[in-house]
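Every number here is computed from the coordinates shown, using simple stated rules; none is lab data. Keep in mind that what you see is a predicted model, and the values were worked out from it rather than measured. Virtual Cβ from ideal backbone geometry, glycine too; neighbours counted across all protein chains shown.
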Amino acid sequence: MSIFSKWSLQLKSLTKRQFINELRSQIWFAPLIYCVYAAVLAGATLYLDFSQHAGARVPAFLSVSFELTNTLISTIAPAVLTLTTFTFNLILVSFTSMAGQYSPRILKNFIASKASQRILGIFIGSFLYTMIVFLASSSKDSISYFAIPYTVAFLVCLSAGTFVYFINHAVRWLQVNHMAESMKKDSTATILNSLETDLEPYRTIEAIKLEQQIPEEDGFCLHAEKSGYIQIVNYEKILKLASEKELIVRMVYDVGEFILKGNPLFCLYRIKDKSINEEDFHHCVLIGEAETDVQDIHFNIMKFVEMAIRSLGNDDIKTATIAIHQISDLLRTICRVTQFSPYLSDDGENLRVIMKQRNFEDYLYDSYSAIRHYSRDNITMTIEIVKALRNLASSIEDCHETSIWHFATFIVKGFEERYLFERDVEYLLTPLKQLSTIAGKEKEFAEIEQRMELYAS
């Protein structure tokens, strides 16, 4: 598939906001914009020096001769190209370090950051500008210049300062705290866009009323046309199509899941209009070869999960701890913006879309189950997980406290019949006791405490 066909398909599947976000995350987009700016700037300076003869109109001490201008440009062009090469080399080194130590899935967060893209754009734009004016000013059409040499000098200073800034940016971004915070901001934006913007306007608190509209008959299924990961679903367009045809659409798979060609993708119910264009529904779903973080909340959480697991393998307890607590902040955001209802309705409160059910318990399990597995013999990390769950329970609504308590006890029970140091038991039970108070499970905590103290030494 050509690049134009791919973007044409994405344009049909994405909303305008999603398409703009996806476009801005591409490494080539910002440099392309800066190249356009460079071409416009080159045209403006060439016009000033060749058509308006700016060099002859300014004071003599500001005018620059043709020979000096040509020497300046021919010297600066390879220098800017060298800076660009060093920048790409540093990016590759950063990629190798992050992919090996943390996760290859966080590379996009670094390259998609505005700072990284603007830095590349400045370097490539400066090089393009010097090449344009070098080729255009190769003949002595003007005795003296003003706009071109001073613009080149400015771009050289800008490129040098940008290179220093990039080194600082790369070093700072690779620091664990800053990296995790930057990733959390990107993931939070995805959560807010996916849940609060795309879904919540169509969800309703009257779930019981919508459940009465769920059809019991077998639906007409539309099957996937290719295998791959479900990257993006345009719920707004699906809802519009369902309202126009007065039918109910059930999503068989969720965003981020892998689907095989021929698997049922949609199930349509209460079909009154037989002239349904199946392609309209297929264009609402983008299926690709890899998971993306545009709309996939699970994928964003798994970045932190993989960071924590790899850190445990490298005996980097601090990084794993940071990842664990950042995950709890993402879960807090999810609880704050969504009702966990799988039903989407139109303006008339008619059920139109049934999504695959994902409760808070599902997000909680996805977030900590793998970390719990790899840290099952590590009492220190288990204590940090319980602390994160305690903090989460005290910051969200009461309806999820019981789920958090059950998950915490599930983790702690793995240490009930092991001989632990008395201090380990104390540090483990302290946050668990605080969690039991929040969830109102003091009696259950007393039983756990009694069993664990039998094995404390």
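Would you work out which of Thr380, Leu420, Ser403 lies farthest towards the positive end of the dipole of the range 376-457, given +1 charges on the beta-carbon of Lys and Arg and -1 on that of Asp and Glu, about the Cα centre?
Thr380
Would you mind counting up the charge near Phe146? Only other residues with Cβ under 9 Å from its Cβ, with Lys and Arg at +1 and Asp and Glu at -1. Walk me through the numbers on the way to the answer.
Values: positive: Arg57; negative: Asp49.
Charge balance in the 9 Å sphere: 0.
What's the local net charge at Lys185, with K and R +1, D and E -1, over the other residues with C-beta under 13 Å away? Could you put the intermediate results ahead of the total?
Values: positive: Lys114, Lys184, Lys303; negative: Glu181, Asp186, Asp293, Asp329.
In short, -1.
Rounded to the nearest 20 debye, what is the charge dipole size of the chain about its Cα centre when +1 sits on each Lys and Arg Cβ and -1 on each Asp and Glu Cβ? Can you show the working numbers first?
On the way: 44 positive and 53 negative charges, 301 e Å.
In total the dipole reaches around 1440 debye.
Classify the chain as rounded, prolate or oblate, taking a ≥ b ≥ c as the square roots of the eigenvalues of its Cα gyration tensor: rounded when a/c is under 1.5, otherwise prolate if a/b is larger than b/c and oblate if not. List each step's numbers first, then the result.
On the way: a/c = 3.18, a/b = 1.54, b/c = 2.06.
Taking the square roots of the gyration eigenvalues as a ≥ b ≥ c, the chain is oblate.
Under unit Cβ charges (Lys, Arg +1; Asp, Glu -1), what dipole magnitude, rounded to 20 debye, does the range 277-319 have relative to its Cα centre?
Numbers: 3 positive and 10 negative charges, 89 e Å.
Using only the charged Cβ atoms, the result is roughly 420 debye.
Per residue of the chain, what 222 nm ellipticity follows from adding -39500 (n - 2.57) for every DSSP H run with n ≥ 4, rounded to the nearest 500? Please list the in-between numbers first.
Numbers: 19 runs with 280 residues, N = 457.
When only DSSP H runs of four or more count, the value is -20000 deg cm²/dmol.
Among Ala147, Met183, Thr319, which residue has its Cα positioned farthest towards the positive end of the charge dipole of the chain, with +1 placed on the Cβ of Lys and Arg, -1 on the Cβ of Asp and Glu, and the dipole taken about the Cα centre?
Highest projection toward the positive end goes to Ala147.
In nm, to one decimal, how far is the modelled label at Val36 from the one at Arg172, with both set 7 Å along Cα→Cβ?
Roughly 2.9 nm, to one decimal.
Multiplying the sequence separation of Glu426 and His53 by 0.36 nm and subtracting their Cα-Cα distance, what value in nm do you get? Working shown, then result.
Values: separation 373, 0.36 × 373 = 134.28 nm, distance 8.19 nm.
Gain in length upon complete extension: 126.1 nm.
Compute the signed sum of charges (Lys and Arg +1, Asp and Glu -1) over the other residues within less than 13 Å, Cβ to Cβ, of Leu312. Let's see the in-between values first.
Values: positive: Arg310, Lys318, Arg372, Arg376; negative: Glu306, Asp315, Asp316, Asp377, Glu384.
Surrounding charge for Leu312 is -1.
Starting from the Cα-Cα distance between Lys240 and Gln357, subtract it from 0.36 nm times their residue separation and give me the gain in nm to one decimal. Numbers along the way, then the final one.
Numbers: separation 117, 0.36 × 117 = 42.12 nm, distance 2.10 nm.
Stretched out fully, the Lys240 to Gln357 stretch lengthens by 40.0 nm.
Can you tell me the length gained on complete extension of the stretch Thr85 to Cys221, counting 0.36 nm per residue apart and subtracting the Cα distance?
Numbers: separation 136, 0.36 × 136 = 48.96 nm, distance 5.23 nm.
This chain segment gains 43.7 nm when fully extended.
To the nearest 20 debye, what is the magnitude of the charge dipole of the range 15-174 about its Cα centre, counting +1 on the Cβ of each Lys and Arg and -1 on the Cβ of each Asp and Glu?
On the way: 10 positive and 4 negative charges, 154 e Å.
Result for the range 15-174 is approximately 740 debye, rounded to the nearest 20.
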